[in-house]
Amino acid sequence: MLRVDDLRTFYRTRQGLLKAVDGVSFNLEKGEILGLVGESACGKTTVALSIIRLLPSVAEVMGGRILFQGDDLLGKTERAMRDVRWGKISIIFQGALNSLNPVLPVKEQIAEAMKAHGNVTGAEVDATITRLFKAVGLDPERRSNYPHEFSGGMKQRIMIAMALACNPEIVIADEPTTALDVIVQRQILELIRTLRDEFHISMILITHDLSVVAQLCDRAVIMYAGKVVEIGDIHRIFESPTHPYTRALLKSIPKMEVAKTRELSYIPGSVPDLAGPVPACRFYGRCPYGQKVCQDVEPRLDQTYPDSFVACHFWRHLSER
Amino acid sequence: MISRGSSEPLIIIKDLKKWYPIRKKFLTKLRAEDEYVHAVDGVTIEMRKGEALALVGESGCGKTTLARMLLRLVDPTEGIITFKGRDLFALNKRELRKIRTQMQPVFQDPYASLDPKQTILQIISEPLRVNNLVKDRKQMFDRVTAVLSSVGLAPPKSFLDKFPYELSGGQRQRVALARALVIQPSLIIFDEPVSMLDVSIRAEILGLMLKLKQEFGLTYLFITHDLAVARYISDRMAVMYLGRVVEIGPAEDVCLTPAHPYTKALLLALPTTDLEKRGTDIGIRGEVPDATHIPAGCRFRPRCQHAFEKCMIDPELKRVGDDHYAACYLPDTSA
């Protein structure tokens, strides 16, 4: 469906080039929900913005390809890109709750997106909005309301309806539930799951929250400091994670099931500054298994099982444990 | 684990209410009755010295408003709060100032709560200077370096001249903790102190908070929406819904044998990495109603599967176990 191949996106900063995304590759299969996971500053949002070519001006794609329907999106003109954006690939932004225009009724905002992407009549727009509102669980009667008349969860439903308005093939959702309360979050995740089947979309879900991935995704790409460290089916990732970072991250999530007596573990240290010199394996320094080779030789993303890839020199040794 | 605190209450909150009036146009005001947002709507809690009490609930449940009243940042519409036996709202300015040094807040966003133009030394020494708690520069310097090592920023001297932007999120939250601790308060009020931090460092900060509590004999009021975090840090837990406490009890009991259907739903909706729990039904529908139109009777009634006629009468907190109370006519701790 979509192939990201050796993508490098750097930011120009006063401290020098910041290698936010440095050689990232993964596939999005048709019909799947792929989780792109990592902590702050791992480059996950930069990957998304590179795909739809909406990077801020200080950022630049320095290399790689993004293949979609046989074309490299990075080689397209801005004009051609406009047809792809929203029409073929749409995005639900982080902080979506604040990205609706407060002075326009919501139906106008959805109509705007549709009209920009093809000749549609008013009646068609109306019919689509009714269908979309029903699909996301909103009362179509409320289409003329303004954003402030909706709750946070409902606004997120509107954003999802908007992302589906032009029948995209791929939807990228950047932290779609982060600002929502747990119960509403659960409702939105269920909604996304049913819409995927109903609208036959493929989806990239960007999140820092592994539990969101566990609840919704089919596969996950784990990123750390601008690199992919592990890719796998979610059963592989959650039941037998291989990369030391994935393992440590899973262990540090406070779990309800774990008795209070058991110590919570955490990852000592912090993410390296990507504008400065970094060790060859970027997790070196925080990794309990780190050795000299990790400092000098960058680990390749090796295929470990038919459905998984890991970038660690010691994956064989680790997966035996 | 039952509360480690002694029985002497440090804080008594009684029938506390905070209603915010909704501003209306003049004409509508003449025609209709005044409307209010019932942010906190009758809360009674006692806090024991040395305990960590978690206040959990979704946004808009009133947990932050409650904390703001405790800090006397807002005045209540009704009700009282006593701190060490003294009525907080009967104090004059001088007395208030003095009592405030005994309670310190730590906020959610360590990026916004530290002045970007001040050095770490200036930030942490400010409460000392404002309250005239140090005689000279040397004493101030000593207090600041001591508290920096308590919060694990070592060596302390290397941090004094740094600015917040030079620190990571976890380090900033340690500075915020140090600023709260430096004047030796007896109570710290945390408002979502770890929710902005990356998962991999969250546990480290939570562990530090527990350590400091023991070391300095502190009492914690811990506001969070995350039940897993609440269970980790607290001795007792109070669950709030639409301005009321619907369940309160020892943290372990509330989490393992919840009695109120809302607490149960919150626990079921808790994000989990357990793949087997994918798509489980959480048993409630809809969203929290807005706090201007509180449902009659039990506030949770419109969303509750078990509601029956009696629920039209507002339920009070009733004992369901040891030190464990729930506001429900059909409490069920069998879960």
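Looking only at residues in region B:150-190 that are under 23 Å from B:A52 (Cβ atoms), away from every other protein chain (no Cβ under 14 Å) and in a helix (DSSP H, G or I), which one is most open to solvent (accessible area, probe 1.4 Å)?
B:R179
Does B:E215 fit the bill of being within 12 Å of another protein chain (Cβ to nearest Cβ), not in a strand (DSSP E or B) and not β-branched (V, I, T)?
Against the criterion (within 12 Å of another protein chain (Cβ to nearest Cβ), not in a strand (DSSP E or B) and not β-branched (V, I, T)), B:E215 does not qualify.
Say whether the condition of being among the small types (G, A, S), within 17 Å of A:Y245 (Cβ to Cβ) and crowded, with 20+ Cβ neighbours inside 10 Å is met by at least one residue in region A:25-37.
Yes, there is a match, as at least one residue in region A:25-37 is among the small types (G, A, S), within 17 Å of A:Y245 (Cβ to Cβ) and crowded, with 20+ Cβ neighbours inside 10 Å.
Among the residues of region B:58-69, is there at least one that is among the β-branched types (V, I, T) and either surrounded by fewer than 17 Cβ atoms within 10 Å (Cβ to Cβ) or in a helix (DSSP H, G or I) (or both)?
Yes, region B:58-69 contains a residue that is among the β-branched types (V, I, T) and either surrounded by fewer than 17 Cβ atoms within 10 Å (Cβ to Cβ) or in a helix (DSSP H, G or I) (or both).
Taking region A:278-320 only, how many residues are more than 27 Å from the chain's Cα centre (by Cα) and either farther than 24 Å from B:I201 by Cα or not aliphatic (A, V, I, L, M) (or both)?
Qualifying residue count for the region: 14.
Hey, could you check region A:84-107 for residues that are part of a helix (DSSP H, G or I) and surrounded by 14 or more Cβ atoms within 10 Å (Cβ to Cβ) and say which is nearest to the chain's Cα centre (by Cα)?
Per the stated criteria, the residue is A:A96.
For region B:70-101, which positions are under 16 Å from B:K14 (Cβ atoms) and in a helix (DSSP H, G or I)?
Selection gives B:L70, B:L88, B:F89, B:A90.
Would it be correct to say that A:T13 is over 25 Å from A:D233 (Cβ atoms), buried (at least 22 other Cβ atoms within 10 Å of the Cβ) and either over 15 Å from the mean Cα position of the chain (by Cα) or of a type in the set (V, I, T) (or both)?
no
Go through region B:123-142 and report how many residues are on the phi < 0 side of the Ramachandran plot, part of a loop (DSSP other than H, G, I, E, B) and open to solvent by 40 Å² or more (accessible area, probe 1.4 Å).
Number of matching residues: 4.
Mind listing whichever residues of region A:194-215 are more than 14 Å from chain B (Cβ to nearest Cβ) and under 11 Å from the mean Cα position of the chain (by Cα)?
The answer is A:M203, A:I204, A:I206.
How many of the residues in region B:196-209 are in contact (Cβ under 8 Å) with a residue 60 or more places away in the chain and either within 25 Å of B:I11 (Cα to Cα) or more than 10 Å from chain A (Cβ to nearest Cβ) (or both)?
0
Pick from region A:112-128 the residues that are within 15 Å of A:A163 (Cα to Cα) and without any contact (Cβ under 8 Å) to a residue 24 or more places away in the chain: which of them is nearest to the chain's Cα centre (by Cα)?
Among them, the one singled out is A:E112.
Within region B:102-122, does at least one residue satisfy the condition of being under 22 Å from B:D191 (Cα atoms), part of a helix (DSSP H, G or I), in contact (Cβ under 8 Å) with a residue 12 or more places away in the chain and out of contact with any Pro (no Cβ under 8 Å at 6 or more places or on another chain)?
No: zero hits.
Looking only at region B:204-211, decide whether some residue is surrounded by fewer than 23 Cβ atoms within 10 Å (Cβ to Cβ), among the charged types (D, E, K, R) and more than 25 Å from B:P258 (Cβ to Cβ).
Yes.
Just name the residue that is modelled with the lowest pLDDT out of those in region B:257-295 that are open to solvent by 60 Å² or more (accessible area, probe 1.4 Å) and more than 18 Å from A:V182 (Cβ to Cβ).
B:D290
The values are calculated or read from the model by the stated rules, or taken from the named source; none is laboratory data. Model, not experiment: these values are computed from the prediction. Ideal geometry is used to build each Cβ from the backbone, glycine not excepted, and the neighbour counts take in all protein chains shown. What goes into the accessible areas is simple: the full protein's heavy atoms, side chains included, and nothing from ligands, DNA or RNA. Shrake-Rupley method; radii C 1.70, N 1.55, O 1.52, S 1.80 Å.
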